[in-house]
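Since every read-out is calculated from the coordinates, none of them should be taken as a lab result. Quantities reported herein were computed from a predicted structural model and do not represent experimental measurements. As a convention, Cβ positions derive from the backbone with ideal geometry for all residues, glycine included, and neighbour counts pool all protein chains shown.
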Amino acid sequence: MGQLLGSKRRELLVKWIERTGSVSALEAAAALGASVRTIQRDIHELSLAGRLTRVHGGAVAAGRRKPPGDARLRLGILVPTRGYCFDAVLAGAEQAAAATGSTLIEADYDYTDDLAASRYARISSLELDGLLVTPQLPATTWGQLCGTDVPVVLIERPWELGWVRDLDPATSVAAARAPVDHVFTDHQSGFVLGLDHLAALGHRTIHCLIRDTPTAPALLATATAYAETIAPARGVTLGITRLRRSADQIRVLTDAMRQLDPQPTALFVHTDEDAVNAQQLLASQGLAVPGDISILSYDDGLPANPATGLSAVAPDRVALGKRAVEMIVDRLSSRGHHTHEAHPPTKLAIVPRLHHRATTAPADGARPAGPSAAAPPR
């Protein structure tokens, strides 16, 4: 079959599903003469238009109900638009769904309030046994979560009083009391791990450059507490700059780096993109990394090369997805047993890992101390 136009290919996919009830991305790619990635993009676009429902490995008819006698759990997962962060979360969820024999129905949204709410309404209208969700922070989505009638596991995003903006008092109290499980990255421990790594390398003037992302509040709070308590006891001067969101991210970063005073011997940067840009800006000034200044990233979403890559603190996003599915399967499996009602909501914190690569080294004249300062692998 010759290569089909995208619109024609998508119409054939819809007709295929109308005829058979489901389609495998792998089978469709072979039959329609396209790559699996192309078919996955087609399925994504058709799911956004409400013409089918995306599931792990392919798609089913829009609004398809659970077949009689099908004992497999149907789990919905709703996360922000895919990038390296949530691609990894979905990969982990897919692994756990396959291991537990569950069907995973996937949906995503971009950072727009109305879109997040509409995606939630669409995925929750299906016959699901449970829902895994990384909610947007506006009150509309959180209000909907409070009223769901299936078990929910939150992935990332805090579920605490006072966190969600514009949430009315009654809904705020309901949110705090809602019996939801929660798996999240322990950003506090991860950020302290990174700061301790730089301090163990002998760096006494460290500056944190933190981009304004959903992760930023936790990192900023941790950096502030560290600067006020731990840093003075270790003789460390810790500076903190919040990088605002902008259409010109590099300009914001450049301006922030020009204002660094005193000049640090190490930078701790969130995100990876900002860390790479910071390295390039330093090179343009004739400064070598890590010879003149070390750079540690908080993210670790870029392809890693131990010899040339960024040293980074890495949230384990695959583990987030896996544990979220395992938590909801565990809760669903206890239904009908006396332990179900006595099973309190669970909060599971996953601690990031430190990957010491090529961009952090002992400060000039300093002797590294402790295991976190060990030389990077060769």
Notebook entry, point to check: For labels at residue 347 and residue 188 in the simple 7 Å Cα→Cβ model, what's the distance in nm?
Noted result: 0.9
Next item on the list: Return a whole-number percent for the relative contact order of the stretch 191-321, with Cα pairs under 8 Å and 6 or more residues apart as the contact set.
Entry: 26
Next item on the list: Report the label-to-label distance for residue 221 and residue 205 in nanometres (one decimal), using points 7 Å from each Cα along the Cα→Cβ vector.
Entry: 3.1
Margin query: Can you tell me the length gained on complete extension of the stretch residue 330 to residue 284, counting 0.36 nm per residue apart and subtracting the Cα distance?
Written below: 11.2 nm
Notebook entry, point to check: All other residues with a Cβ under 11 Å from the Cβ of residue 269 taken together, and with Lys, Arg as +1 and Asp, Glu as -1, what is their net charge?
Noted result: -3
